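So the structure is just underneath, and the comments pick up after that.
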Amino acid sequence: MKLRFNRKQLCIPYAVFLVFFVLAPLFVILYYAFTDGQGKISFSNFANFFTNTNTLGTLLYSFSLAIVTTLVCLVIAYPTAYILARSNLKKKYVLLLLFILPMWINFTLRITALKEILSLLEGNISAYPFLNSVIGMTYDFMPFMILPLYTSLLKLDKSLLEAASDLGGNKLTVFLRVTLPLSVPGIISGMTMVLLPSMTNYVVLDMLYNSTYIMGSLIGSYFSAYDWNNGSMISLVLLVIIFIVTLVTNRFSDKDSNARGAVL
């Protein structure tokens, strides 16, 4: 006897997973974020967060570290992706694989190896916490920047580049007026994939002797102290920030897509 399933029935496992592992934890965070230690509704957690110079400093430091890491990744990854995508190298896919290959190695081993290299170059790496954190984050998230850029540049219509050259544009003009605007979706995607996780990835900081808190380590410290209210509150604040960043980047991506459609 054959079993027949309609589309709604096939969605049941996903719906169950969504309820238990996404919605339920979110409701728990919302409950603890808007209550105090006695279970009463309170907004004091948010008031303390936005009036405490230490927590605001942690938020600013997280943003600074994430933005610098994202810009460094972009500066390194864009030329790399451009060369790989536009070159006629027969083994460029092998070169691309070399950039992705470190992701197959255990995270702890990669950062430990990087720490040893930085120790040889700088001596006491704890003396340069911000610099080492940027280097560690860049090393860890570089593939997430290269892949979207490479995909975006690889899909460029070469006829548009040829047309721009036929109209008298030199290589710099073609790049600035055609290649760069058409690669904006890849830039936005790569920046999103690097910016958001680098705000919370405190493991790199701990392994590279950076004692400064970022949002992820601050959340972890509250939960470790069984202060679920403040931990959930900061998690909710970070969730809202991530939602806003994602919304803004999607708006830019949609506008760019509409502009390209109008040009074509």
Seminar exercise, completed: Note on GLY169: of the conditions (1) in a helix (DSSP H, G or I); (2) buried (at least 16 other Cβ atoms within 10 Å of the Cβ), unmet is (1)
Exercise. Which pairs do you get when a residue that is within 14 Å of MET193 (Cβ to Cβ), found in the stretch 67-81, comes within reach of a residue that is among the small types (Gly, Ala, Ser) and in a helix (DSSP H, G or I), reach meaning Cβ atoms under 7 angstrom, with the pair 6+ apart or on two chains?
Worked result: THR69/SER198; THR70/SER198; LEU74/GLY190; ALA77/GLY190
Problem set entry | Matching entry among LEU208, LEU153 (being at pLDDT below 85 and touching a Gly at 6+ places or on another chain (Cβ under 7 Å)) | LEU208
For this session: Specify which of the listed residues (ALA33, ALA24, ALA85) is crowded, with 16+ Cβ neighbours inside 10 Å and modelled with pLDDT of 90 or more.
Result: ALA33
Exercise. All but one of (1) more than 21 Å from THR200 (Cα to Cα); (2) touching a Ser or Thr at 6+ places or on another chain (Cβ under 8 Å); (3) of a type outside the set (A, V, I, L, M, F, W, C) hold for ASN124; which doesn't?
Worked result: (2)
For this session: Considering every residue within the stretch 151-163, establish whether at least one is closer than 22 Å to ILE188 by Cα, touching a Phe, Trp or Tyr at 6+ places or on another chain (Cβ under 8 Å) and among the hydrophobic types (A, V, I, L, M, F, W, C).
Result: yes
Seminar exercise, completed: Selection from the stretch 14-41 of residues of a type in the set (Gly, Ala, Ser) and touching a residue at least 12 places away in the same chain (Cβ under 8 Å) yields ALA33, GLY37
Exercise. Taking ILE117, is it at negative phi and buried (at least 18 other Cβ atoms within 10 Å of the Cβ)?
Worked result: no
Problem set entry | Answer from TYR139, TYR61 - the residue that is under 20 Å from the mean Cα position of the chain (by Cα) and either exposed (fewer than 15 other Cβ atoms within 10 Å of the Cβ) or farther than 30 Å from MET233 by Cα (or both) | TYR139
Exercise. So, of the residues in the stretch 27-48 that are out of contact with any helix residue (DSSP H, G or I) (no Cβ under 8 Å at 6 or more places or on another chain) and in a helix (DSSP H, G or I), which turns out to be farthest from LEU59 (Cα to Cα)?
Worked result: PHE27
For this session: Mind counting the residues in the stretch 198-212 that are in contact (Cβ under 8 Å) with a residue 24 or more places away in the chain and surrounded by fewer than 20 Cβ atoms within 10 Å (Cβ to Cβ)?
Result: 6
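The values are calculated or read from the model by the stated rules, or taken from the named source; none is laboratory data. Note that the structure is a prediction, hence the values are computed from the model and not measured. Positions of Cβ are backbone-derived with ideal geometry, glycine not excepted, and every protein chain shown enters the neighbour counts.
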